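S.K.: Have a look at this one before I ask anything.
The values are calculated or read from the model by the stated rules, or taken from the named source; none is laboratory data. Every value quoted in this text rests on a predicted model; they were computed, and no experiment measured them. Using ideal geometry, Cβ is built from the backbone for each residue, glycine included, and neighbour counts are taken over all protein chains shown. Just so you know, the surface numbers come from the protein's heavy atoms only, side chains and all, with ligands and any DNA or RNA stripped out. Shrake-Rupley method; radii C 1.70, N 1.55, O 1.52, S 1.80 Å.
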Amino acid sequence: MSWNKIAGHERTKKILQNSLLENRVSHAYCFTGTEGIGKDALAIQFAKTANCAAPIIHNSNIDSCDKCHSCKAFDNLSHPNLELIFSLPAGKSSDSKSDSVYDKMSPEQIELIRDEISRKAINPYLPINLPNASQIKIAAVREIKNKLSMSSYNGKRRFVIVLKSDEMNAEAANAFLKTLEEPHENITIIMITSKPEAMMQTIMSRCQQIIIKPLDDTEIIRKLIIDDKLDEVDARIAARFAQGSYLKALEFVSAENRQLRNEVVDILRCCLKKQNYREEFIRKIEDFVKPKDKNQINRSLQMLMFWLNDVNSMVYGAEHNHIVNLDDLDTLGKFAKAFGDKQICNAVFEIEDGINLLYRNVNINIALITLFLKLRQIFIA
């Protein structure tokens, strides 16, 4: 991985690269921002570049060579100058403060931890998720403090990256605060959190704050197409669900999305028939709801919103690069021609209200029938 493998965040990349070029790397940073936007990836690449044996410097940019022994070790998250702290499951009880936290783990737990680190090495956007692990405890902080007292590898800068640092319990946070108050030479600590309000303010005040913004849809689409080999339509659909998070976009990468869209658009077209539509319409609703849970129905209604937004875009002559459902241009065009003079925005608002109803104590069939009849009133009136 190099900087250009990380989607977006050009300003943050420039800040971090400048600190390396000007030899003014801070002893502590706090990266804040939405989950899944690349905070971990930025931190790892920062550490990797700082430790590269032959960094590439060009036009005031600095990047890792991706070829040296150090870079390859970082790609495996196994470099001796990299320490990751994250929530761990409870191990065997012990009164000894000298035991490694991993000494208390069962072989099965150790294997799970290795698997999660391997997944993160392949894709640094992925979180480390372990069963029954919700706190960073003082034992992990104590172990890192012991390691920091040792010399760094090859005289390069050591990095401690605290993933989901808001998960430190009070005891661990207080112990970590002491580490921040007494910075070590040639050591950088990076706290990463999507919940800065849950962090001790005394810890935050001792870190250089770097606020990382959500990704643009275009940045997510580009990464999904290039790195995940998605076709453009699936990438656009996933990006619309993502709310600026590449990780969230990955959760919505599914061929099922197009099927849900086709089904719900078919229901809309059925209920807009001028006459003799009711029996077929109600049957389609029943067939649609029967095999699905509320989350799938929610997603299908969001797909319908995207579809209608595309219709509206076509009505106003938008370029194709603003259309999500590129594979359905013919149907979109016909719908825009037939209903382009209607209040499509009002239809989108009605769907939003319908989505909000889903998670209340309502009959889903009746809620959907009511929603589509309201859409019929908007389009047929």
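S.K.: So which helices of the chain fit the span-like rule, where a helix is a whole DSSP H run, its Cα atoms reach 27 Å or more along the axis, and its mean Kyte-Doolittle is at least -0.5?
M.R.: Those that pass (Cα extent of 27 Å or more, hydropathy at least -0.5) are 294-315.
S.K.: Post the alpha-carbon centroid distance, the stretch 313-340 to the stretch 110-156, in whole angstrom.
M.R.: 48 Å
S.K.: With the full set of protein chains in place, find how many percent of the accessible area of the chain is carbon and sulfur; take the probe as 1.4 Å.
M.R.: Carbon and sulfur: 48 percent of the exposed surface of the chain.
S.K.: With every protein chain left in place and a probe of 1.4 Å, what is the accessible surface of LYS195, to the nearest 10 Å²?
M.R.: 100 Å²
S.K.: Taking 8 Å as the Cα distance limit and 6 or more residues as the minimum spacing, I'd like the relative contact order of the chain as a percentage.
M.R.: Contact order relative to length: 17 percent.
S.K.: Kindly provide the chymotrypsin sites (Phe, Trp or Tyr not before Pro) of the stretch 257-333 that DSSP labels as loop, not H, G, I, E or B, and whose Cβ sees at most 14 other Cβ atoms within 10 Å.
M.R.: TYR316
S.K.: From the protein chains alone at 1.4 Å, what is the descending order of accessible area for VAL253, VAL162, largest first?
M.R.: VAL253, VAL162
S.K.: Going from most exposed to least, what order do LEU230, LEU180 have by accessible area with a 1.4 Å probe?
M.R.: LEU230, LEU180
S.K.: On to the next question. Counting pairs on different chains as well as pairs 8 or more places apart, how many Lys pairs in the stretch 235-381 have Cα atoms under 19 Å apart?
M.R.: 16
S.K.: Still on this structure, I have one more. Using just the helices of the chain, give the 222 nm mean residue ellipticity in deg cm²/dmol: DSSP H runs with n ≥ 4 each add -39,500 (n - 2.57), and the total is spread over all residues, rounded to 500.
M.R.: After summing the helix terms and dividing by the residues of the chain, the value is -16000 deg cm²/dmol.
S.K.: Sequence gap at least 6, Cα distance under 8 Å: using those rules, report the relative contact order of the stretch 1-85 to the nearest whole percent.
M.R.: 29 percent
S.K.: Additional query: Once ligands and nucleic acids are excluded and a 1.4 Å probe is used, how much of SER2 is accessible, expressed in Å² to the nearest 10?
M.R.: Probe radius 1.4 Å; accessible area of SER2 about 10 Å².
S.K.: Can you divide the C-alpha Rg of the stretch 295-341 by 2.2 N^0.38 Å and report the result to two decimal places?
M.R.: With N residues counted in the stretch 295-341, Rg over 2.2 N^0.38 Å equals 1.14.
S.K.: Keeping every protein chain in place, order SER60, SER194 by accessible area at 1.4 Å, biggest value first, i.e. largest first.
M.R.: SER60, SER194
S.K.: Counting pairs on different chains as well as pairs 8 or more places apart, how many Lys pairs in the stretch 2-146 have Cα atoms under 19 Å apart?
M.R.: Close lysine pairs under the 19 Å cut-off: 24.
S.K.: What are the semi-axes of the equivalent ellipsoid of the chain, taken as the square roots of 5 times the eigenvalues of the Cα gyration tensor, listed largest first and rounded to whole Å?
M.R.: They are 49, 24, 17 Å, listed from largest to smallest.
S.K.: Below 8 Å, C-alpha to C-alpha, sequence gap of six or more: please give me the relative contact order for the stretch 33-178 in percent.
M.R.: It comes to 30 percent, rounded to a whole number.
S.K.: Report the accessible area of HIS184, computed with a 1.4 Å probe over the heavy atoms of all protein chains in place, in Å² rounded to the nearest 10.
M.R.: We get 80 Å² for HIS184.
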